[in-house]
Structures are given as C-alpha cells and as structure tokens.
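> Just passing along the structure, written as structure tokens.
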Amino acid sequence: MFDAVKQTENNNLTRPLVSVLIPVYNGVPYLSQTLDSVLNNNCKNIEIILVDDGSKDASKKTCHEYENKYNNVKFISFGKNRGMDRALNAGIKVAKGKYIARLNQDDWMVADRLEKQVEFLEKNREYVAVGGQVTLFTDTNPKYAEVNFPLTDGEIRSKWLMFSPFSDPAVMYRRESVLETPGYSQIMWPADDVHMWYMLGSLGKLANLPSMVTRVRWHNGAGSIQSHRKQMKRTWEVHKWAEENIQKPGIGVRIFWVGQYVAGLVFPPRFNWFIYRQLKRCQLLLRV
C-alpha cells in the first residue's frame, strides 16, 4: 500500500512535526469548529491534511476556504465517495510530519494534545502510538460521558482482544511505523481502526495519556451510530484476524466476542455503546 512513499525523509526546516489527518464526508456544519480547534492548539509546527471523500454538501467549499487562508492546510478531493480507508491512506501518503495525529470532522482537539503526545513519543522511542482519554459531548450536554482507556502497554495488551485500546480521533502514531503496515483496510471498515491498532502493536509499544485529549461529538449522524451493525460484524472479523495473527483468545474472550456480536445485531446502537462503556469502566477500575 505504501511502498511508493517509503523514501528518504526530507530533513529541511520546513518539514512539519505533526500531520493532522482529517477525512471529510458531508462535514457541514461541524467542520469549521473542528479545524479551528486544531489551528488553536499549542503545537504550531503542524500541517492539516483534509481528504474529502466525495461530499455532496458544502464541505469542499469549506476545505478550499481553509486551504486558501492557511499555508499549512492541504486539501485532497475525491470526485466520488471511495470510503474512509482510501481517504485515510491517501492522506498518509502525502503527510510530511514525523507524527500523524487523527481527528474526525466533527470532533474537537484539546489545545495541549499535540504537544503532550509529541513529548511522549519523543521520550519513548519504543512506542509507535499514543492516545488519551476522551469526553463525549452533544449539542446540549458538554460532558455527556467520559470514555477512559488503559495507560500502559501491558494493560492495553491484557484486554485488547476485548476492548479497543484507543479512540480513533485521539491517536497519534509515528509516520514511519504506519508506513510499515498495509494501511487502513477497506474490507475491515468500520472496524478498520481496531485492525490498525493490532498492526501497529505488532511493531512496537502502545500507550494512552491520562489526560483528556479529544472531545468527541456524540450525535445520531456519527459513524458509530449509523454503521453500528456493520461495525459489529466487522469487529467480529477483526477479532478472528487477531486470533490468527496476534494473540490466541481464552474462553472468556470468545464468549465476549459472541455476546458483542449478538448484541450488535439485536439491540439499538446507543444502548450497546452505553453497555460497552460500562464494561470498559469496570475492567479499568478492577484491573481484571
């Protein structure tokens, strides 16, 4: 997937430290708020890569406006919808940063997120990716829910066959590491992010910061709501892939997989995500 871009790094002074990668599809009305949150972050040596995946609303216009206004904004546009994975892979190919930070079109970046994640990866060379804690918010509730993730590599690996180690829009990973993978898999979408964490975890250590790094907008148009049933089916497939390539599960994990898959087909998305968050909170508190 990325062989064509494995080349000698450009070490000149204009190279950004961080590439913030944002896929876009019908992102109005939240896209401008998201971009402003990135531009107002404390780390200034960045580039923002917007990849529009064939939007039918005014998203392309918004992307063009930011590209024309800010020198560090790059815009890639697909003529038709090709899928988030192809959009992400296209963004990775043109990214120049030493690190790539993910964000979704409707989320907000906390002001000190990038500098904290860069500091962690600079000090810990054996780590390939670092995430953090997230807050879900709605238009009427700024603190709808807290979503917590394990901090250490050991804690992550002890439960990563059951719970995703990261929130996708909260992750920063090394560009050189992601280029060693085949890229985001369209076949695995919308569980492609979990698939990516397994691949990156096979290359090095993973961690999460204890602080909140991203505010994730929770609404009925969110991908985790709209594509919930498909996500549960693909999650099952990703888990089976992990069984063959990453780690053999015990009987308890297998039971969890079956329960998660069945619940995803039977119960409404919001109920399932509520139960999932409660289970995550319990296993973090009990360290079981």
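> Kindly list the number of the only condition in (1) modelled with pLDDT of 95 or more; (2) more than 23 Å from LEU114 (Cβ to Cβ); (3) within 15 Å of the chain's Cα centre (by Cα) that fails for ASP193.
ASP193 satisfies every listed condition except (2).
> Here is a list of conditions, (1) out of contact with any Lys or Arg (no Cβ under 9 Å at 6 or more places or on another chain); (2) charged (D, E, K, R); (3) touching a residue at least 40 places away in the same chain (Cβ under 8 Å), and LYS280 meets all of them except one; can you say which number that is?
Going through the list (1) out of contact with any Lys or Arg (no Cβ under 9 Å at 6 or more places or on another chain); (2) charged (D, E, K, R); (3) touching a residue at least 40 places away in the same chain (Cβ under 8 Å), LYS280 breaks only (1).
Here's the yes/no breakdown for (1) under 30 Å from ARG254 (Cβ atoms); (2) out of contact with any Phe, Trp or Tyr (no Cβ under 9 Å at 6 or more places or on another chain); (3) among the aliphatic types (A, V, I, L, M):
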{"position": "ASN81", "(1), (2), (3)": "no, no, no"}
{"position": "LEU114", "(1), (2), (3)": "no, no, yes"}
{"position": "GLU119", "(1), (2), (3)": "no, yes, no"}
{"position": "ARG125", "(1), (2), (3)": "no, yes, no"}
{"position": "ASN141", "(1), (2), (3)": "no, no, no"}
{"position": "ARG157", "(1), (2), (3)": "yes, yes, no"}
{"position": "PRO169", "(1), (2), (3)": "yes, yes, no"}
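> Being buried (at least 17 other Cβ atoms within 10 Å of the Cβ) and among the polar types (S, T, N, Q) is the filter; apply it to the range 238-288 and report the residue that is modelled with the highest pLDDT.
My answer is GLN260.
> Specify which of the listed residues (ILE76, ILE100) is within 26 Å of GLU122 (Cβ to Cβ), outside any helix (DSSP H, G or I) and touching a helix residue (DSSP H, G or I) at 6+ places or on another chain (Cβ under 8 Å). If you could, list the steps in order and put the result at the bottom.
On the way: ILE76 fails: within 26 Å of GLU122 (Cβ to Cβ).
On inspection, the qualifying residue turns out to be ILE100.
> Can you spot a residue in the range 195-207 that is over 28 Å from MET1 (Cβ atoms) and touching a Ser or Thr at 6+ places or on another chain (Cβ under 8 Å)?
Taking the range 195-207 as the starting set, the residues that turn out to be over 28 Å from MET1 (Cβ atoms) are none.
No, that holds for no residue.
> Sort out which residues of the range 142-176 are in a helix (DSSP H, G or I) and of a type outside the set (Ser, Thr, Tyr), and write them in order of number.
Looking only at the range 142-176, we keep the residues that are in a helix (DSSP H, G or I), and these are 153-159, 168-170, 175-176.
Result: ASP153, GLY154, GLU155, ILE156, ARG157, LYS159, ASP168, PRO169, ALA170, ARG175, GLU176.
> Something else: Which condition does GLY91 not pass, out of (1) crowded, with 20+ Cβ neighbours inside 10 Å; (2) outside any helix (DSSP H, G or I); (3) among the small types (Gly, Ala, Ser), if it passes all the others?
Only one criterion is unmet by GLY91, namely (2).
The values are calculated or read from the model by the stated rules, or taken from the named source; none is laboratory data. What you see is a predicted model, and the numbers here were worked out from it, not measured in a lab. Methodologically, a virtual Cβ is constructed for each residue, glycine included, from the backbone with ideal geometry; neighbour enumeration extends over all protein chains shown.
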